[in-house]
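Everything on this sheet refers to the single structure shown next.
The values are calculated or read from the model by the stated rules, or taken from the named source; none is laboratory data. Everything quoted here is computed from the prediction, not taken from an experiment. Every residue, glycine among them, receives a Cβ derived from its backbone with ideal geometry; neighbour counts consider all protein chains shown. What goes into the accessible areas is simple: the full protein's heavy atoms, side chains included, and nothing from ligands, DNA or RNA. Shrake-Rupley method; radii C 1.70, N 1.55, O 1.52, S 1.80 Å.
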Amino acid sequence: MKFNSEGLKEITGIYGPSGHEEKVVAYIQEAMKDYVDEMTVDSLGNLIAHKKGMGPKVMIAGHMDQIGLMVTDVDDKGFVRFTNVGGIMMEVTIGQRFIFEDGRIGIVGREEKQAIEKSRLEHLYLDIGAKTKEEALGWVSIGDICVYYSEYVESEHTAMARAMDDRIGCFVMMEALKRLEKVENDCYFVFTAQEEVGTRGARTSAYRIEPDVGLAVDITLSGDTPEAKRFAVSLHDGVAIKVRDNSLLSHPKVNDRLIALCEKHTIKYQMEVLEFGGTDAGAMSLTKEGVPASCLSIPTRYGHSDHEVISKEDVEAAIQLLVKSLETPFEI
Ligand code: CO
Ligand code: ZN
């Protein structure tokens, strides 16, 4: 199957920090209109795409929102101070370019009064090129959010972009929808809002849908870079089936089924035990009386930076596994 480079480039380039997912919603609605039975946007901003089937209700969740910086105030010289929206890491933020919704770009600088190791987010500022406070406040307002600014890059085997977390999950869901013909499960593809600030969209949408099974599609880390922390997940080793993270213990029956499908259809997979973090799968699993859930993870290098790297083969494996999972009815 040819990799849809154009589609991935487009979806990773859309502005959509937590709480401001509208542009991503519009893009997915337009792209998916011929592949689903109906689409609705709920009050929190989740896009729910329903592909009807007779079997159990399966909710598939991938989050649209990306992390960013929110303007808190502007100083007398026009330097912009900010707080984080989601898991911004200081060490990959200094020196980076960020872009606001209207296209204005700022560079992150650091106060030099303390050593770099002692710097915190509150010691950083955004230089948007303003000469005065008034000029800066004419361009940005308190509460505005900017996101990483970088170019999409692709090689033979990998792709590198900002917001791969979790537009790659949205991408996997969209590619799966294009390939799915008849589904044996009643499928709710939920492109969720506000995951990066605590899996909020998955929580409200799962409450509405009341799924029998929940599957998230999100990134995970990779343990394959030089001297990386021990983590048995690598790029190019296939889709990662999550066993745990701090929000979830995947349901063994769901995982057994995913593994069996990989074996049957020779889809490359690996098992993921993540010692921290959480995903929409965790939120789904705690809905009402509990929902059996798991997560198809895409191994990713440099998560939450402006250049998150994935393997195109792993993405293809995730698409195939999602398609096979939905074509045959879940038995829980
Ligand atoms: Co994230
Ligand atoms: Zn994510």
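Tabulated values for the structure
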read-out	value
Flag if Pro226 is of a type outside the set (Ser, Thr, Tyr), away from ligand 2 (no atom under 16 Å from the Cβ), in contact with a helix residue (DSSP H, G or I) (Cβ under 9 Å, 6 or more places away or on another chain) and more than 17 Å from Met32 (Cβ to Cβ)	no
Condition met for Ile60 (within 16 Å of ligand 2 (Cβ to nearest atom), of a type in the set (Val, Ile, Thr) and in contact with an Asp or Glu (Cβ under 7 Å, 6 or more places away or on another chain))	no
Residue match in the range 253-261 (condition: open to solvent by less than 60 Å² (accessible area, probe 1.4 Å), free of Cβ contacts under 8 Å to residues at least 60 places away in the same chain, within 24 Å of Cys170 (Cβ to Cβ) and assigned by TED's automatic domain parsing to the domain that holds Leu47)	yes
Index of the failed condition, Phe98 passing every other in (1) aromatic (Phe, Trp, Tyr); (2) under 26 Å from Gly201 (Cβ atoms); (3) open to solvent by 30 Å² or more (accessible area, probe 1.4 Å)	(3)
Positions within the range 272-289 being open to solvent by less than 70 Å² (accessible area, probe 1.4 Å) and over 22 Å from Ile209 (Cα atoms), in sequence order	Glu272, Leu274, Gly277
Considering residues of the range 46-60 that are part of a loop (DSSP other than H, G, I, E, B) and either within 23 Å of Leu296 (Cβ to Cβ) or touching a Phe, Trp or Tyr at 6+ places or on another chain (Cβ under 7 Å) (or both) only, the residue most open to solvent (accessible area, probe 1.4 Å)	Lys52
Every residue from the range 201-220 that is within 13 Å of ligand 1 (Cβ to nearest atom) and more than 20 Å from Leu177 (Cβ to Cβ)	Thr220
